[in-house]
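Everything on this sheet refers to the single structure shown next.
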Amino acid sequence: MFLFGKKKEKKEKNIEVNIKVNKDELIAEASEKIQELEELSGEQRVPLLNQIGALYYQAEELESAIKYYEESLSIKKEMGKSYTDLMSLYNKKRQQAAENKNDEQMNYYMQKVQEMMQMSKDILRGKM
């Protein structure tokens, strides 16, 4: 017998991929790259600074990530992953400050975001 109108229910497969990143491994890798950094100077440091910043970002070490991304952008002002990551980090820190009702920190990171936006405008206008 045909059962018209009865739709088969499709079972949705929920595939959860739990990627556990070992924070200690990320920090150890960042430490190795910091040692490599001592051998470089000038713009040669920029890619390594960005890698270190990214490793700390993945390890959720926000202050350290900010430090290396800021150093990278102070050497060479450019748009890219380091710029967007740093902007994201500033926004996270600003949000944390807001949750903690720390107006001083909130204003500090809001100012940092504004500085980043100004930097992007300057880059696009060819002022850098």
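Taking 0.36 nm per residue of separation and subtracting the Cα-Cα distance, full extension of the segment from VAL113 to GLU78 would add 11.1 nm.
Tell me whether the stretch 30-124 comes out rounded, prolate or oblate; compute the Cα gyration tensor, take square roots of the eigenvalues as a ≥ b ≥ c, and use a/c under 1.5 as the rounded threshold. In terms of gyration-tensor shape, oblate. Of the listed pairs LYS33/LYS121; LYS81/LYS112; LYS23/LYS121; LYS33/LYS127, which have alpha-carbon separations greater than 27 Å here? Violating the 27 Å Cα-Cα cut-off are LYS33/LYS121; LYS23/LYS121; LYS33/LYS127.
Each Lys and Arg Cβ is given +1 and each Asp and Glu Cβ -1; about its Cα centre, the stretch 36-90 then shows a dipole of about 240 debye.
In a fully extended conformation the segment linking LYS92 and GLU71 would gain 5.7 nm over its present Cα-Cα distance, using 0.36 nm per residue.
Put a plus charge on the Cβ of each Lys and Arg, a minus charge on the Cβ of each Asp and Glu, and nothing anywhere else: the dipole of the stretch 37-128 about its Cα centre is then about 440 debye.
For the stretch 49-109, carbon and sulfur atoms together expose 43% of the accessible surface, with a 1.4 angstrom probe and every protein chain in place.
Between LYS23 and GLN105, the modelled label-to-label distance comes to 1.6 nm, taking each label 7 Å out from Cα in the direction of the beta carbon.
The values are calculated or read from the model by the stated rules, or taken from the named source; none is laboratory data. Quick caveat: nothing in here was measured; it's all calculated off a predicted structure. We place every Cβ from the backbone using ideal geometry, glycine too, and count neighbours over all the protein chains shown. Quick note on the areas: whole protein, heavy atoms, side chains included, nothing else; ligands and nucleic acids left out. Shrake-Rupley method; radii C 1.70, N 1.55, O 1.52, S 1.80 Å.
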